[in-house]
Amino acid sequence: MYSNLLSIDFLWGNIFAFGLFVSPVPTFRRIIRNHSTEEFSGLPYVYALLNCLITMWYGTPLVSADNILVTTVNSIGAAFQLVYIILFITYTEKDKKVRMLGLLLAVIGIFSIIVAVSLQIVNPFSRQMFVGLLSCAALISMFASPLFIINLVIQTKSVEFMPFYLSLSAFLMSTSFLAYGIMNWDPFIYVPNGIGTILGIVQLALYFNYKETSGEESRDPLIVSYA
C-alpha cells in the first residue's frame with residue numbers, strides 16, 4: 001500500500017510538473033503576437049532550465065537509486081525551458097538578447113562542470129550529497145525566481161506580468177513532490193519542495209491581493225495569456 005501511495009503521489013507530481021512546464025505557453029503566445037517580451041522576465045526560465053538539468057542528473061542511476069522518473073520528467077522540462085529561452089531571446093530587446101544568451105551559455109557551462117566534477121567523486125554517497133545539495137539550491141532558486149517581479153506588481157498594483165497559472169502549477173507541483181520526498185525519505189526532494197510550497201503560497205497570496213486592483217488594461221491582454 002505504501003508503494004502504491006508513493007507511485008500515485010509521484011504520478012500527480014509529474015502531472016503538475018507537466019502543467020508547470022506548459023504554463024508559459026499563453027504568455028509566449030502573447031509575446032509572439034506582440035513581437036515583444038514587454039515587462040516579462042526571462043529569469044524564471046533560466047533558473048528552471050538549470051534546475052531541470054541538475055535534477056535530471058541527480059535522478060540518474062549514476063547519482064541516486066530508484067529515481068529514474070525524476071530524470072524523465074526533468075528531461076522533458078529542460079526541453080520546454082530551452083524552447084522558451086530561445087523564444088524569449090528572439091523577441092526581446094537587443095540588450096536583453098545579449099544578457100539572456102550569456103545566461104543560457106552560463107547554465108550550460110555550469111551544468112557541464114557539475115557533471116564533470118561529480119563523476120570524479122568515487123564514493124557514491126558523497127556524489128549523491130554533492131549533486132543533491134546543488135539540486136536543492138537550483139530548485140529553490142527556480143521556485144523563488146518569480147518573486148523578482150513582486151516589486152513590479154506592488155508598484156503597478158497589477159498582476160499582469162505575474163502569470164497566475166505559473167504560480168499555481170509551481171505550488172501544486174512542489175506540494176506533490178514534498179509529499180513524495182517525505183514518503184521516500186529523500187531530503188534532497190522534500191526540503192526544496194517544502195520551501196517551494198511556502199513560496200507558492202506567498203505568490204498566490206500576492207496574486208489574489210492585487211487581482212482586484214488590476215485595471216481593465218491589464219486584463220484584456222491576459223485573455224490571450226497558464227497551464
Can residue 68 be described as open to solvent by 50 Å² or more (accessible area, probe 1.4 Å) and in contact with a Gly (Cβ under 7 Å, 6 or more places away or on another chain)? yes
Could you please give the count of residues in the stretch 48-63 that are surrounded by fewer than 24 Cβ atoms within 10 Å (Cβ to Cβ) and in a helix (DSSP H, G or I)? 2
Would you mention how many residues in the stretch 122-139 are among the aliphatic types (A, V, I, L, M) and open to solvent by 40 Å² or more (accessible area, probe 1.4 Å)? 5
Selection count, the stretch 71-83, where residues are open to solvent by 30 Å² or more (accessible area, probe 1.4 Å) and modelled with pLDDT of 90 or more: 6
Residues (surrounded by fewer than 21 Cβ atoms within 10 Å (Cβ to Cβ) and polar (S, T, N, Q)) located in the stretch 30-47: 34, 36, 41
Every pair of residues 6+ apart whose Cβ atoms lie under 7 Å, when the first sits in the stretch 73-95 and is under 14 Å from residue 49 (Cβ atoms) while the second is open to solvent by 60 Å² or more (accessible area, probe 1.4 Å): 89/97; 89/101
Can you report the number of residues in the stretch 84-114 which are aliphatic (A, V, I, L, M) and either buried (at least 16 other Cβ atoms within 10 Å of the Cβ) or in a loop (DSSP other than H, G, I, E, B) (or both)? 8
Scan the stretch 168-187 residue by residue and report those that are of a type in the set (A, V, I, L, M, F, W, C), surrounded by fewer than 22 Cβ atoms within 10 Å (Cβ to Cβ) and either under 13 Å from the mean Cα position of the chain (by Cα) or within 17 Å of residue 128 (Cβ to Cβ) (or both). 168, 172, 185
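The values are calculated or read from the model by the stated rules, or taken from the named source; none is laboratory data. Computed from a prediction, not measured in an experiment: that's the story for all the values here. A quick note on method: Cβ atoms are made from the backbone with ideal geometry, for glycine too, and the neighbour counts reach across all protein chains shown. Note: areas computed on protein heavy atoms with side chains; ligands, DNA, RNA excluded. Shrake-Rupley method; radii C 1.70, N 1.55, O 1.52, S 1.80 Å.
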